[in-house]
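**Q** Here it is, the structure, as structure tokens.
The values are calculated or read from the model by the stated rules, or taken from the named source; none is laboratory data. These numbers were taken from a predicted model, which means no experiment stands behind them. Don't worry about glycine lacking a Cβ; one is built from the backbone with ideal geometry, like all the others, and counts go over all protein chains shown. Surface accessibility is based on the protein's heavy atoms, side chains included, excluding ligands, DNA and RNA. Shrake-Rupley method; radii C 1.70, N 1.55, O 1.52, S 1.80 Å.
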Amino acid sequence: TRLTWPSAGIGMQYQIYVAGGSGGFAQVRTVSSTSVTLTGLRRGVTYQFQVVPVNYYNSAGPGAETSAQIP
């Protein structure tokens, strides 16, 4: 599954969180680009994804959230 989002500014990193089923969010990756490909997601499960921008000082901004069912 590929996620993309608009840039939050130069030098930002993005923490990617995933929740599936009845579980809570868990951080799965930190990237410096505005997209990520996540593997290992189970078919037929609806996942929630959260992308949180983090600046050089490790201060987090407001996150964006979406959900998708893996076909």
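**Q** Search the range 1-17 for residues being surrounded by fewer than 16 Cβ atoms within 10 Å (Cβ to Cβ) and without any contact (Cβ under 8 Å) to a residue 40 or more places away in the chain, and hand back the single one that is farthest from residue 53 (Cα to Cα).
**A** Per the stated criteria, the residue is 2.
**Q** Is it the case, given these coordinates, that residue 42 is open to solvent by 30 Å² or more (accessible area, probe 1.4 Å), part of a strand (DSSP E or B) and within 18 Å of residue 68 (Cβ to Cβ)?
**A** The answer is no for residue 42.
**Q** Scanning for something at pLDDT below 85, within 13 Å of the chain's Cα centre (by Cα) and loosely packed, with under 14 Cβ neighbours inside 10 Å, does the range 20-37 turn up at least one residue?
**A** So far as the range 20-37 goes, no, none of its residues is at pLDDT below 85, within 13 Å of the chain's Cα centre (by Cα) and loosely packed, with under 14 Cβ neighbours inside 10 Å.
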